[in-house]
1. If the viscosity is 1.567 mPa s and the temperature 4 °C, what Stokes-Einstein diffusion coefficient in µm²/s follows for segment 332-476 when Rh is the Kirkwood radius over Cα pairs?
2. Treating the angle as unsigned and between 0 and 90°, give the value, to the nearest 10°, between the Cα long axis of helix 266-275 and the longest Cα principal axis of the chain.
3. Could you work out how much longer the chain between VAL107 and ASP35 gets when fully extended? Use 0.36 nm per residue separation minus the Cα distance between them, nm to one decimal.
4. If you average 1/r over all unlike Cα pairs in the chain and invert the result, what Kirkwood radius do you get in angstrom?
5. Estimate the FRET efficiency between ALA453 and ASP196 by the formula 1/(1 + (r/R0)^6), using the beta-carbon distance for r and 25 Å for R0, to the nearest 0.05.
6. Accessible area of LYS106, 1.4 Å probe, to the nearest 10 Å²?
7. Using a 1.4 Å probe and ignoring any ligands, DNA or RNA, find the accessible area of GLU15 and quote it in Å² to the nearest 10.
8. Based on the mean of other Cβ atoms within 10 Å per residue, sort peptides 239-247, 153-161, 84-92, 26-34 so the most packed one is first.
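The values are calculated or read from the model by the stated rules, or taken from the named source; none is laboratory data. Model, not experiment: these values are computed from the prediction. Positions of Cβ are generated from backbone atoms using ideal geometry, with glycine treated the same way; all protein chains shown enter the neighbour counts. The protein model used for the area step is the full one, side chains on, heavy atoms only, and it has no ligands, DNA or RNA in it. Shrake-Rupley method; radii C 1.70, N 1.55, O 1.52, S 1.80 Å.
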Amino acid sequence: MTINPQHTAPQLSPELIAQFTAIVGDKYALTLADDVAPYVTEERNLFQGRSPLVLRPGSTAEVAAICKLATTHNIAIVPQGGNTGLVGGQTPHHGEVVISLRRMDKVRDIDTQSNTMTVEAGLVLQTAQQRAADVDRLFPLSLGAEGSCTIGGNLSTNAGGTAALAYGVAREMALGLEVVLPDGRILNALSKLKKDNTGYDLRDLFIGAEGTLGIITAATLKLFPRPRAVETAFVGLQSVADALRLLQIAQGEAAGSLTSFELLAEICIDFCVKHGTDIRDPLGERHPWYVLFEVSSAREDALATLESILERGLDDGVIADATIAANGAQRAAFWKLREVISPAQKPEGGSIKHDVSVPIAAVPDFIAEANAAVVKLIPGSRPVPFGHLGDGNIHYNVSQPIGGDSAAFLARWHEVNAVVFEIVMRMGGSISAEHGIGVMKRDELPGVKDKVAIDLMRGIKAMIDPLGIMNPGKVL
Ligand code: FAD
Ligand code: ZN
């Protein structure tokens with residue numbers, strides 16, 4: 001992938017490296033290739049960056065000093081959290097200085113009366129969930145990378161995940177932010193307020209900005225009551241249209257307590273059973289489509305709700321077969337199946353991925369049209385659609401033909417994207433539902449986004465980051 005730098009940073013002199021190092025201390029300024037390596041590569045090896053210096057600040061004041069120095073010397077910087085992003089946003093593609101927030105992982109405040117938790121940006125999502133559970137609250141954001149992604153990364157990418165159906169995306173879980181601007185000023189907007197109509201919403205500018213406007217150093221997050229009962233079902237169906245009908249039934253019966261509704265194509269089960277460890281098909285027979293859904297309740301009535309959804313689904317001829325998780329272990333097994341779909345695709349060769357959304361009602365047509373178009377373009381290619389049907393968000397992956405050449409298949413990444421994105425845009429959808437733009441989709445953005453919106457985005461970027469040092473070449 002060719003990446004345009006859009007910022008011609010001067011080389012870092014040894015004197016400047018020493019000045020940056022003095023801010024964080026020797027131990028937390030990495031320059032040796034082996035130390036730097038984990039910050040310039042990512043898990044899939046899709047992007048390889050390089051950096052002369054990785055800084056690991058321990059406080060907001062240190063982040064501010066780093067940014068001030070970077071502005072003084074026109075040095076480009078890349079904020080990084082857990083390095084789990086999927087669009088190359090956290091990678092220093094042109095030798096930028098990496099600012100890793102991972103050391104900043106304190107919980108500053110938990111307020112169970114206001115139902116808020118104020119945490120530093122480097123706190124790992126799973127730890128945030130655990131800290132909320134410790135005080136009998138729920139922090140609902142949940143995604144496959146939760147063991148290593150950070151709150152700062154989650155907010156900067158406006159992460160979605162499996163609980164967005166009931167609780168919204170990361171943006172909806174944040175009340176306030178603390179952000180260091182490129183010039184080193186600190187925006188203190190760590191508000192606990194739900195209602196605050198005092199002008200432009202600056203918080204929402206930084207959420208989803210993918211580190212192009214500033215460095216999030218802390219956030220005040222919403223906490224929710226912890227559900228007393230969670231019930232999970234795994235359902236086999238004939239078609240995506242039936243899955244959509246089941247979603248409507250479930251929303252009618254469960255309303256806000258329907259907390260997840262995930263769709264899986266049969267090929268996902270094939271791959272998971274074949275390549276996953278300890279993965280079992282939860283149903284006796286194969287079905288063309290599957291739904292994994294969950295009902296959570298503050299009372300003990302989740303099971304009754306789940307059963308009534310399944311009953312109506314069976315009565316209406318929407319469900320072919322279904323099973324309910326009998327205990328926590330079975331529930332975890334259902335979710336493990338959902339989570340290993342991506343890794344289970346690896347042994348099948350190259351996979352061209354899309355993270356798209358369309359209006360929920362358009363999902364059946366989208367999958368049918370995309371399947372036909374992709375197979376027409378590359379005969380033998382195998383669509384592997386799955387994802388958050390309840391949000392209209394499909395991870396539309398395409399595995400290479402059996403026995404084909406992986407490199408030749410992956411060389412057609414943009415061609416396949418173009419075919420899929422054309423259908424998405426025609427249906428009023430988005431080419432990035434939850435992973436962001438980064439560098440991966442940057443060149444596609446002007447073609448799909450409203451021209452005025454792009455103008456405004458550029459204007460905001462120029463106003464907050466006039467030198468263009470903050471994560472250059474990403475998003476815009
Ligand atoms: P990083 O990867 O380090 O950074 C991501 C972006 O945010 C970069 O542009 C970076 O510059 C910027 N950034 C990071 N920290 C800061 C900060 N403090 N201030 C300013 N900018 C910052 N995503 C979903 O939305 N839903 C999913 O279901 C989902 N599932 C995933 C499953 C797996 C197995 C993997 C590997 C990834 C998945 N992702 C998913 C993508 C990824 O986990 C999310 O984008 C996550 O929010 C990134 O967090 P991070 O801390 O790893 O950020
Ligand atoms: Zn997802």
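1. Answer, rounded: 78 µm²/s.
2. Roughly 70 degrees between the two axes.
3. 23.2 nm is the gain from fully extending VAL107 to ASP35.
4. 23.4
5. Efficiency at R0 = 25 Å is approximately 0.50.
6. 110
7. 120
8. The densest-packed peptide leads the list: 153-161, 84-92, 239-247, 26-34.
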